[in-house]
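K.L.:
Quick one: this structure, given as structure tokens, is what I'll be asking you about.
The values are calculated or read from the model by the stated rules, or taken from the named source; none is laboratory data. Being a predicted model, the structure only gives us computed values, none of them experimental. Ideal geometry is used to build each Cβ from the backbone, glycine not excepted, and the neighbour counts take in all protein chains shown. Each accessible area value is taken on the protein alone, full model and side chains, heavy atoms only, with ligands, DNA and RNA left out. Shrake-Rupley method; radii C 1.70, N 1.55, O 1.52, S 1.80 Å.
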Amino acid sequence: MSKYWDAPNQLRFGPETTHSNSLLPANHNLQKQILLRSISDKVQISSTLLPFYLFQVPSNLMEGVEASERVKRTTARLCSLCNQRKAALRRPKTLEQICRECFYNVFEDEIHRVIVENNLFKPGERIAIGASGGKDSTVLAYVLSELNKRHNYGLDLFLLSIDEGITGYRDDSLETVKRNELQYGLPLKIVSYKELYGWTMDEIVKAIGLKNNCTFCGVFRRQALDRGAALIQADKIVTGHNADDIAETVLLNILRGDIARLSRCTSITTGEDGPIPRCKPFKYTYEKEIVMYAYFKKLDYFSTECIYSPNAYRGFAREFIKDLERIRPRAILDMIRSGEDFRISTTTRMPEQGTCQRCGYISSQKLCKACVLLEGLNRGLPKLGIGRKKGGSGEDQEQSKRHLENKGLSLHGKHGNVEY
């Protein structure tokens, strides 16, 4: 035993003749683990001899070791920012162990910094908050309302909701928005597809099916937000698009080869050349942190996904981004930074903004996408405008040509000319 620590006043070693539990202290395993950790830097104990030796730790030594372990465990749980309160979560973005209070502070301060550094608002502006009742828009409404008071932005805030007409989904989520109106003291304006276009999404899905319904909803919703904001005379629209959403959009535009959208999808403010600019204060905010904030703050939000979007193309991009985040949390921000650094070749022809000849909405073609899609619905040709590029060879486009060839009207859409 000369090469091993032999301290008879602290440890009692002896040959172990049996492994009967009656010869071992009740807390033998715990004592052994704690002791070995505490003295491992001072002594050398042969792992091959341990099974053959019985040791018992004096109570005074055990108390000191246990106290040391308690301090270590307590220290490990302290917030890495304030170093005072118990850590309650690990930030998905930075992997820091922090308490709730510090999480609230860094979450709100980061959004405030984004707003200030990008000059998103000016005092006196009327801001329409796109409110769906989901976690993103609910947290956006709450945080923006709080920051507006705390930092004296001087903004007039409104909630703006779009009723797409989806039974069992949007009608329920709008009830949440109505409660938010009372909870945050913000006026609410609701506009519907039915009043704007004469169709609900339920009716559109019956006509088009589940394959391309998201195309209709996305086009109609973007225009509905602008029209609703115009009704309340808003200067800007803010949406709850978060870092995950923007990273997904970058990936989708790369996969689709959509150069025009790729050049602007990472912009924190878009539509400055249109009727009403749109801002994304959550551009660098992770979706997981938004969920955590809503959960800890006990905010009232609607969490059900749209019943018509389980097979949406974006869903596959979302899963890929989530896989990347699990491997490397900063992958989301890296994707956004990459999108910001894209440079479009000077030889690439970009679409020129104009106005729709029918409804007056912004469009790079003679008729905007909404009017093309609405024309198809009203004519009984719901797939009009979502066929192949350069005119396509789809059955619906052929039907549209035969049906309206005497009208003398040409719809010049994104996917080529369609003669009527």
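K.L.:
At a 1.4 Å probe radius, carbon and sulfur cover how many percent of the accessible area of region 176-254?
P.N.:
Numbers: 1740 of 3240 Å².
Carbon plus sulfur share of accessible area: 54 percent.
K.L.:
Would you mind getting me the FRET efficiency between residue 261 and residue 85? Use the beta-carbon distance for r and R0 = 30 Å, nearest 0.05. Could you put the intermediate results ahead of the total?
P.N.:
Details: r = 44 Å, r/R0 = 1.47.
In this case the efficiency is close to 0.10.
K.L.:
If you don't mind, another one. Under the rule of at least 5 residues apart or a separate chain, name every residue whose amide H is placed under 5 Å from the amide H of residue 359.
P.N.:
Those qualifying (amide H under 5 Å, at least 5 residues apart or on another chain) are 368.
K.L.:
What is the packing order of peptides 89-102, 134-147, 256-269, 211-224, taking the mean over residues of other C-beta atoms within 10 Å and listing the highest first? Don't jump to the answer; show the numbers that get you there.
P.N.:
On the way: 89-102: 17.4, 134-147: 22.7, 256-269: 15.6, 211-224: 19.0.
Packing proxy ranking, top to bottom: 134-147, 211-224, 89-102, 256-269.
K.L.:
Additional query: Collect residues whose amide H, placed 1.01 Å from N in the peptide plane, falls under 5 Å from the amide H of residue 163; neighbours closer than 5 in sequence don't count.
P.N.:
191, 192, 193
K.L.:
Step through the residues of region 361-377 one at a time and calculate ³J(HN,Hα) from phi using the Karplus curve (6.51 cos²θ - 1.76 cosθ + 1.60, θ = phi - 60°), rounding each to whole Hz and writing x for Gly and Pro.
P.N.:
Each residue of region 361-377 in turn: 7, 4, 6, 8, 10, 5, 10, 6, 4, 4, 5, 5, 5, 5, 4, x, 5 Hz.
K.L.:
Here's another thing I want to ask about it. Tell me which residues come under 5 Å, amide H to amide H, from residue 188 once H is placed; ignore anything under 5 positions away on its chain.
P.N.:
Counting only residues 5 or more places away or on other chains, the set is 159.
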